[in-house]
1. Which whole-number percent is the relative contact order of chain B (Cα, under 8 Å, 6+ apart)?
2. Report the relative contact order of chain A, percent, no decimals, based on alpha-carbon pairs under 8 angstrom and at least 6 residues apart.
3. Per the Kirkwood definition applied to all pairs of different Cα atoms, how many angstroms is the hydrodynamic radius of segment B:7-130?
4. What order do B:HIS73, A:HIS293 take when sorted by accessible area (1.4 Å probe), most exposed first?
5. Specify which residue in the list A:PHE220, A:HIS56, B:ASN160 is farthest towards the positive end of the charge dipole of the protein assembly as shown, using unit charges on the beta carbon of Lys, Arg (+1) and Asp, Glu (-1), about the Cα centre.
6. Please state the charge dipole magnitude for the protein assembly as shown, taken about the Cα centre, from unit charges on C-beta atoms (+1 on K and R, -1 on D and E), reported in debye and rounded to the nearest 20.
7. Run the numbers on segment A:157-304 and let me know its relative contact order in percent, using alpha-carbon pairs under 8 Å that are six or more apart.
8. How would the protein assembly as shown be classified by its alpha-carbon gyration tensor: rounded, prolate or oblate, with rounded meaning a/c under 1.5 and the a/b versus b/c comparison settling the rest?
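The values are calculated or read from the model by the stated rules, or taken from the named source; none is laboratory data. Predicted, not measured: the structure shown is a model, and the values here were computed from it. FYI the Cβ positions are ideal-geometry reconstructions off the backbone, even for glycines, and counts take in every protein chain you see. SASA here: full protein model, heavy atoms, side chains in, ligands and nucleic acids out. Shrake-Rupley method; radii C 1.70, N 1.55, O 1.52, S 1.80 Å.
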Amino acid sequence: MKKLFIIVGFLVFCLTMVWLIVWWNSPERQRAKLIVESRKAWTTPIQFFGKVVDEHGNPVEGATVRFQVTDLSATGVSEYHTKSDIAGLFTLTNVTGKHLGVFVSREGYYTSKTNRTAFEYAAGGGQHGIFVPDSQHPVVFQLRKQGEKTNVVKKGGNFRLPLDGTPVELDLINCKEVPVGTGHISVQCWVSDLSMSYGFTWRWRISVREGGLQEALGEFLFEAPEMGYEPFEEGQITMEAKPWRNSVDRRYFLKLADGRFVLARIVLKTKGTPPYFYVEYYFNTSGSRNLEHDPRGRAHWGDP
Amino acid sequence: MQFFGGTAPTLFKRLYWAGYKGRFIALRWPNRPDPVTFNEDEYYAFVSAIPYKNFIESLKNSGSWDSINVFAHSHGNIMVSEAIRLGQAGMVNNYVLTEAAVPAGCYDTSDTVNNYHRFLEVEARFGGWNKTPDSAAQLGYRGHFRNIANAGASSKVPGNVVSFFNPHDYAIFTGAARLIAWEENQILFKPDWGLSGGRVRYWGNPPKGPRVAWNIPFLGGSRLVFHPYESMSFVARPRSQAIGVTATPRLTSAITLNYDLHYNLEFGAEPSDHSGQINRPIQQVFPYFLKVLDSFDIPHVTPP
């Protein structure tokens, strides 16, 4: 009897061990661990060290810093605020969460949109991986001091876009179409096969009568260059182009015949119904190269 | 133009003031039966794509629409992208995805996009039979919507496919406290392990494909999953972040343009910013609607 009891006990022990080994390696246990880890991720300690500088690299004091932390609070997001000190430095400590958004601003400055704003603190986390704070190397946030916004006028509108090369000329001062030979700029577009909805070859030409243009690149397009203007720009999208597009979105500095400078966005839409082009531009009525304007107005330009 | 969800009237009004004067259809489908996971919601969206495709094609073939442009928010993009994938070439003219809860890898098969370490780590951790399908051929996500655009003459969308994304999006990426974000769902509930109703449990089971087990004590059998809708919704873990939080390269992707909602409109991690274009005052988000019309090749007003 005692022997039987020992054998049964041993068997029960063995079965329990087997079950434990199976369970230990089971996906269920892995999942249970994942859930615990996932929950813990939202209580990760967060530290952040940042520095605010202007366009010349000088520290900016008194910049407002808004932190947004996703955590386990009732709203799911907690906000914290601070200001940069005389050296442009600021910190965030004694906070827990998973994802940190850092938004820097200051009256009289533009915030560069190229600043990194998303930081992940928990395992895995985002495209950049886990962020490791370093007090010796604070994350730099760039601001740009605002200048004068005098005499800058904004205009814009939609105009027909013939696809057979017929030029459409615009008077930019009054923002209206005018007879050929009398406008500031001329827009032309040629489409190889008007019956095709996709994959046709097309080209365009934008010219400035007795003046010139050059592509405008960069974030703060506030000062028109003095030199470097060409009388026209031509472009083409072939049927083999990858990616193929039926529209283009271009930004230019223009120098008009009367010496005035213009910052313009020109969008050609070959597949609008009917085809059209959109122009939006800023020019300085005094003839100055300064084209600084309210940056909120440029936000909708988006990516070209 | 078509929109989804109860916010359609607001969207229509905002688009109207941005310059849209065309016809407008709003659609909804039976979504989110499961309050915990995204999985059933996704399955319903996939299945709803079939009648939706038939509806769009009936509009297209009626000949009374100059152009058909589609806009979809969040998980609505599963239904819309699938309908477009199933449809005829040139089915819709342009397509806007906003804050889309769809893996970026669906639109781009490149390893650059399909290497999101957070998902790869979980895949590696489970391994073996619990490794989930990756490519569309294996009934996974990668490349499932690759040919809707940028695919030559067979493109279902010959015009623009524009993704409006927010790198801080709470519902898709950074959140947890108020709801399980889409990203956490991919980690915790793929394969679906029974929390979702407790009826069935899935696993990857390569190389035969996903398998489902009926969760009935002592009697539970199993079967293979053959349908991609079931496999993607309940089994497959993506290898990429959602398209609604990240940009994809234009050369390899079916997305022709990306629009950063944080960069351009300062959308943050507030849960309400998952629909910030509706929840915020129009004065803050007017550029959003200009960009939507721009994406649809529809003339818009010039902002003040």
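1. 23 percent
2. 13 percent
3. 16.7 Å
4. If we order B:HIS73, A:HIS293 from most to least accessible, we get B:HIS73, A:HIS293.
5. In the protein assembly as shown, that residue is B:ASN160.
6. That gives a dipole near 1780 debye.
7. Working: 326 pairs, mean separation 31.6, N = 148.
Rounded, it is 21 percent for segment A:157-304.
8. oblate
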